[in-house]
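**Student:** After the structure tokens below, expect a handful of questions from me.
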Amino acid sequence: MNIDALLQEHGLWFVTLGTFIEGDAVALGAGVLEHRGVFRFWPVVAAAALGGFCADMMVYTIGRLGNRTRFVRRILSDRRTQGIQRRVFARPYVLAFASRFIPGSRTVIPVSIGAANAISAPAYAGLMALACTCWALVLIGVGHEIGNLMNAVFGYMPMGWVIAGGATLILSLLITRSLWRKRRTARADRDVGSSERYPHPADR
């Protein structure tokens, strides 16, 4: 069985599993393969949306049912999440929908919403089904355009090269996101340290 046939037969399950575990990079890679004709547009959108939906619901359920566990308490007690938790009570539906599009927030926001019981489980499921569908449409579409660009620059490429290019794209995105998270965490730690060292006059 060649690579094209293997991907056409089992690839959508890999897309679902990949978007459940990682998310953005896998959806972009799936969009590149959709451009190549390996996947049809709507089935791959559904597969990516399903993976993202299952991930969001799992994290929300952990927050809702496991709010006394060490994992949830550690997330909620982090000083960097205090502002997010305040926003959960102010605009829970907007924040829940937006969390699917904000890398780095897909654990903190669902856990906070679940632990605070800010949105009921059926309402959260319906909202995230819509959010994940929109998210999948955007990223699969962007991946399709990346495929267009690759064709324009490199011409027709063998499937092995396409997969290698997609893997490189995914790895680059993962490294970039990891560096961005470290930089954001370091900046937040500096801000917290500064606020403790020099408190606002009103707090004295």
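The values are calculated or read from the model by the stated rules, or taken from the named source; none is laboratory data. Please read these numbers as outputs of a predicted model, since none were measured by experiment. All Cβ positions, even for glycine, are placed from backbone atoms using ideal geometry, and neighbour counts span all protein chains on display.
**Student:** Among LEU95, LEU130, LEU76, which is the only one that is at pLDDT below 75 and either in contact with an Asp or Glu (Cβ under 9 Å, 6 or more places away or on another chain) or not in a loop (DSSP other than H, G, I, E, B) (or both)?
**Tutor:** Exactly one residue qualifies, and that residue is LEU76.
Listed here are the residues, each with its yes/no results for (1) assigned to a helix (DSSP H, G or I); (2) of a type in the set (Phe, Trp, Tyr); (3) buried (at least 21 other Cβ atoms within 10 Å of the Cβ).
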position	(1), (2), (3)
VAL26	yes, no, yes
ALA30	yes, no, yes
TRP42	yes, yes, no
ALA48	yes, no, yes
PHE53	yes, yes, yes
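**Student:** Regarding the range 164-172, can at least one residue be identified that is under 16 Å from the mean Cα position of the chain (by Cα), modelled with pLDDT under 85 and more than 30 Å from ARG36 (Cα to Cα)?
**Tutor:** Taking every residue of the range 164-172 in turn, none turns out to be under 16 Å from the mean Cα position of the chain (by Cα), modelled with pLDDT under 85 and more than 30 Å from ARG36 (Cα to Cα).
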